[in-house]
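The values are calculated or read from the model by the stated rules, or taken from the named source; none is laboratory data. This is a predicted model, so every value here is computed, not measured. FYI the Cβ positions are ideal-geometry reconstructions off the backbone, even for glycines, and counts take in every protein chain you see.
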Amino acid sequence: MSRRPLIAGNWKMFKTRGEARDTVEQLQQLLGPSLSVDVVVCPPFSALSAVEEVIRESEIQLAAQNVHWEDEGAFTGEVSTAMLSDCGCRYVILGHSERRQFFHESDAVIHRKIGKVLTTELTPVLCVGESLEEREAERANEVIHGQLEADLGELTATEASRIIVAYEPIWAIGTGKTATPEIAQNVHGLIRHWLGGRYSAQVASGIRILYGGSVKPDNARELMAQEDIDGALVGGASLDAHSFATIVKESG
Ligand code: PEP
């Protein structure tokens, strides 16, 4: 099955509304009108609407970096799926390692969020990945399988076919240390194999698996050329429109 590549830029806690607008305006100009891959930007909540106004008529799509699992309620500091859809979001990142590490998001919480998101039109982008210690102890595969098992839980094949997975080795995030294309392909292959065993070969072959971890203009092409790498989740290099646009062009 041919999977359309998807390149997402995770802006984390960077950019005011004005900065976000400028970046996405530049990106639009650099990419031009018809895109051969899905291009997604993930601004902080505070800039979602400002970015949506700029990209409304373009093919660039919008994602949020997190969401709560309830519809509404007394949950100070949280946002709901309806609020994200109202801002024009099509995707939401879940289980990013920074949320797991700094905000103690457990697999149980991530599982609840995925379940909620799948009742809406939003697409969850589930991040999984091992730490350096886990890789060195040769536990990477076990850790990733454990995350998939716990985060996806009892989802049906139809539900699972709507998710996107991002393999993000923690040791490669923001460190400048990219997984080699061989390491990344190996893990992506294992993830697809796990999905095939859990759901079906057909479901697994349709699910996009993105790589994230120090993707840059000079390593994107080699990573994207791997059979089971269907795109990238880009942090640092997505903050600059020129480098993000180059990554998109290298991936098409
Ligand atoms: C990320 O935060 O998802 C990420 C991959 O960051 P970076 O590209 O900066 O490593």
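Residues of the stretch 230-252 being crowded, with 24+ Cβ neighbours inside 10 Å and aliphatic (A, V, I, L, M), which ones? Scanning the stretch 230-252 gives 232, 233, 234, 247, 248.
On the stretch given as the stretch 192-224, residues that are touching a Pro at 6+ places or on another chain (Cβ under 7 Å) and surrounded by fewer than 16 Cβ atoms within 10 Å (Cβ to Cβ) total 1.
Set side by side, the residues 74, 63, 82 differ, and just one is among the aliphatic types (A, V, I, L, M) and crowded, with 18+ Cβ neighbours inside 10 Å, which is 63.
Out of 109, 125, I need the residue that is under 26 Å from residue 185 (Cβ atoms) and either surrounded by fewer than 22 Cβ atoms within 10 Å (Cβ to Cβ) or within 14 Å of the ligand (Cβ to nearest atom) (or both). Which one?
Values: 109 fails: under 26 Å from residue 185 (Cβ atoms).
Going through 109, 125 in turn, the sole match is 125.
Conditions: (1) in contact with a helix residue (DSSP H, G or I) (Cβ under 7 Å, 6 or more places away or on another chain); (2) among the acidic types (Asp, Glu); (3) not in a helix (DSSP H, G or I). Residue 57 meets all but one. Number of the miss? Result: residue 57 passes all but (1). Close Cβ contacts (under 6 Å, 6 or more residues apart or on different chains) running from residues in the stretch 17-37 that are within 13 Å of residue 47 (Cα to Cα) and free of Cβ contacts under 8 Å to residues at least 24 places away in the same chain to residues that are of a type in the set (D, E, K, R) and in a loop (DSSP other than H, G, I, E, B) are absent. A residue that is at positive phi, among the basic types (Lys, Arg) and at pLDDT 95 or above cannot be found anywhere in the stretch 76-92.
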